[in-house]
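Heads up, the thing below is written out as structure tokens.
The values are calculated or read from the model by the stated rules, or taken from the named source; none is laboratory data. These numbers come from a predicted model, not from an experiment. Methodologically, a virtual Cβ is constructed for each residue, glycine included, from the backbone with ideal geometry; neighbour enumeration extends over all protein chains shown. Calculation scope for accessible area: heavy atoms of the full protein, side chains included, ligands and nucleic acids excluded. Shrake-Rupley method; radii C 1.70, N 1.55, O 1.52, S 1.80 Å.
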Amino acid sequence: VHLAAPQQADQPWRAVEGDAAVVAWLRRARAMGLLTTLVLEHWIGPSNIPAGDRIMGTAVEGSSFFKRHAQAAAHAACLARMAGVDLLCLGMGQGESLRTRAAQGAANSPANSPVMQARAAGWAQVLDAAGGAFAGALTVARNGARQAEEFEPGESLNACAISLYGDLSSKDQRLPADARLLEQRALKALERCSQLALTLEQPLVILPLA
């Protein structure tokens, strides 16, 4: 179950349930014997851009984002506690915010830069906010295997969650029509994700593509 921004009038396909309905759906799933995950998605207005995927050029911008995201995480954590979910995912599509350390071989954005430090501190704030209301398992969804080595707080989470859309899609954000090409990308991404999960000694959770 995804907890996201309210429905936009011009996009009825993005209908989102209210809090009571979210809890009811999760409880119903648990009553059926299913494992349940509540995914928090933080969007920017009608543009439908994941808030955490916006470029944060300064530490001030990062701190502002994480202050709001921590509030949303605390709200989601309360719902997760009420529903008794097995896993709470505190972010999906958070590509830019998850870059808390420089990728291997990257010459810019050193790990000790103010921007990187603000992001690392911000995720600690988000995890603390959620952990204060929900004692269950926590994770954050990386944007595919490409981002596997850029997320500093990974060791403090309970599961390695991955959204494979970035790995499977092209630069225009479309999935390839060739089934064999899609399969090759999927197998390569799953191999990298599995290695990350083994390194972190955490279960691997593959979230919906979109």
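Condition check ((1) closer than 28 Å to Ala31 by Cβ; (2) in contact with a Phe, Trp or Tyr (Cβ under 8 Å, 6 or more places away or on another chain); (3) modelled with pLDDT under 85; (4) of a type in the set (A, V, I, L, M, F, W, C)) across all residues:
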{"residue": "Met56", "(1), (2), (3), (4)": "no, yes, yes, yes"}
{"residue": "Ala80", "(1), (2), (3), (4)": "yes, yes, no, yes"}
{"residue": "Leu88", "(1), (2), (3), (4)": "yes, yes, no, yes"}
{"residue": "Glu96", "(1), (2), (3), (4)": "no, no, yes, no"}
{"residue": "Ala103", "(1), (2), (3), (4)": "no, no, yes, yes"}
{"residue": "Ala107", "(1), (2), (3), (4)": "no, no, yes, yes"}
{"residue": "Asn112", "(1), (2), (3), (4)": "no, no, yes, no"}
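Contact map, the stretch 188-204: residues that are closer than 17 Å to Ala141 by Cβ paired with residues that are assigned to a helix (DSSP H, G or I) and open to solvent by 80 Å² or more (accessible area, probe 1.4 Å), Cβ distance under 7 Å, separation 6+ or inter-chain. Pairs shown: Leu200/Glu155. The sole residue among Gly154, Gly166, Gly122 that is in a helix (DSSP H, G or I) and modelled with pLDDT of 85 or more is Gly122.
Of the residues that make up the stretch 27-42, is at least one assigned to a helix (DSSP H, G or I), modelled with pLDDT of 65 or more and either touching a strand residue (DSSP E or B) at 6+ places or on another chain (Cβ under 8 Å) or within 15 Å of Met92 (Cβ to Cβ) (or both)? Talk me through it step by step, then tell me what you get.
Looking only at the stretch 27-42, we keep the residues that are assigned to a helix (DSSP H, G or I), and these are 27-31.
Of the ones still in play, those that are also modelled with pLDDT of 65 or more are 27-31.
Next cut, either touching a strand residue (DSSP E or B) at 6+ places or on another chain (Cβ under 8 Å) or within 15 Å of Met92 (Cβ to Cβ) (or both) only: none.
No: the stretch 27-42 contains no residue that is assigned to a helix (DSSP H, G or I), modelled with pLDDT of 65 or more and either touching a strand residue (DSSP E or B) at 6+ places or on another chain (Cβ under 8 Å) or within 15 Å of Met92 (Cβ to Cβ) (or both).
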